[in-house]
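These notes are about the structure you will find just below.
The values are calculated or read from the model by the stated rules, or taken from the named source; none is laboratory data. Computed from a predicted structure; not experimentally measured. We place every Cβ from the backbone using ideal geometry, glycine too, and count neighbours over all the protein chains shown.
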Amino acid sequence: MTTPSTSQPTSTSTPAASGHPGRLGSLGPVGLVLAGGISVQFGGALAVTLMPRAGALGVVTLRLLAAAVILLVVCRPRLRGHSRTDWGTVIVFGITMGAMNGLFYEAVDRIPLGLAVTLEVLGPLALSVLASRRLINALWAGLALGGVFLLGGGDFSGLDPVGVGLALGAGAMWATYIIFSARTGRRFPQADGLALAMAVAALLFLPLGIVGAGGRLLDPTTVALGSSVAVLSSVLPYTLELLALRRLPAHTFAVLMSLEPAIAATAGFLVLGQALSATQAAAVALVIAASIGAVRSQVGRGRRQAVAAQPGSAVAAQPDSAGGVRPEPAAAVQPEGNGSAS
């Protein structure tokens, strides 16, 4: 699934993303985002192959632990000088991250990867639609619901209902992740907040992993594969996206992130042999279209408001459905290694 990208300030480069970006940067910002998405979803596919060894809880524990160690070593976050509110924010962020990953991996243990990511994307999409409160977003919500209807064949009888519920729960956590990602980014410099939140998530999930996998967590092959999942699904995507966002508008990034269900379906087919039916493929396409449409409608409105806010502008600001003029939140920009748990 998706690991979340935080809204960290990018004026100062992090050790993970700085250094020698030349070779990576030659891909271009769009190429970097797509490479990050491919890394995330193929990391998710690798995680599914690891589940027979360690179970879903064990895989999540290994991923979070390895990602936390790497990010703490690379970012070396400062522990002193933070307020109680700062720590409260990062702890809630970590809890949300752990819950998002746990729910997602339990879901992909029951339903195909592409379908799980499609259902998970509904969380950020719902956040974007509800935050904007514009009539046009009823269209995007309708498209998304149509996609969900097709996905379940009308009653979800062909899918494990527990897996569906877990994927939807992961989507709710992803939406919450986006909110606390932004709050953490405002309170901690660079990627410090992400590293600390990852450590919180890893520590909280460790007891569940021990109960679920026991001694299998110490198997060298399992540890190596779990570390690979962490690199593919967290560390590498985060670095690539951080590089890309220095040259790519946030709305373009969000549109590219909306393609994740398609990438996940491709990874599921190539790595796991999980082919989608024509109906399921149409459902994925509808959810992607709804996500892209919601992003683009927010961007268009934001540009009109920016023009209206300029001194001497003759363009009237457009009121929202509540009668007031309000800026659009960046809810559509999805989060680490993109924010999702895949």
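Go through the residues of segment 204-222 one by one and say whether even a single one is of a type outside the set (Asp, Glu) and modelled with pLDDT under 80.
Step one: list which residues in segment 204-222 are of a type outside the set (Asp, Glu), which gives 204-218, 220-222.
Filter once more, so that each one left must be modelled with pLDDT under 80: none.
Checked segment 204-222: no residue is of a type outside the set (Asp, Glu) and modelled with pLDDT under 80.
Filtering segment 164-184 down to residues that are more than 17 Å from residue 105 (Cβ to Cβ) and within 15 Å of the chain's Cα centre (by Cα), which residue is surrounded by the fewest Cβ atoms within 10 Å (Cβ to Cβ)? Break it down into steps so the answer makes sense when it comes.
Keep residues of segment 164-184 that are more than 17 Å from residue 105 (Cβ to Cβ), which gives 175-176, 178-184.
Remaining after also requiring within 15 Å of the chain's Cα centre (by Cα): 175-176, 178-182.
On the way: 175: 24, 176: 19, 178: 27, 179: 17, 180: 23, 181: 27, 182: 19.
The extreme case among them is 179.
Condition check ((1) surrounded by 24 or more Cβ atoms within 10 Å (Cβ to Cβ); (2) part of a helix (DSSP H, G or I)) across all residues:
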{"site": "47", "(1), (2)": "yes, yes"}
{"site": "50", "(1), (2)": "no, yes"}
{"site": "54", "(1), (2)": "yes, yes"}
{"site": "62", "(1), (2)": "yes, yes"}
{"site": "78", "(1), (2)": "no, no"}
{"site": "92", "(1), (2)": "no, yes"}
{"site": "118", "(1), (2)": "yes, yes"}
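Taking the criterion of being outside any helix (DSSP H, G or I), of a type outside the set (A, V, I, L, M) and over 30 Å from residue 140 (Cα atoms), would at least one residue in segment 225-238 satisfy it?
No, because not a single residue in segment 225-238 is outside any helix (DSSP H, G or I), of a type outside the set (A, V, I, L, M) and over 30 Å from residue 140 (Cα atoms).
Would you call residue 44 farther than 17 Å from residue 224 by Cβ and of a type outside the set (S, T, N, Q)?
On the way: farther than 17 Å from residue 224 by Cβ: yes; of a type outside the set (S, T, N, Q): yes.
In short, yes.
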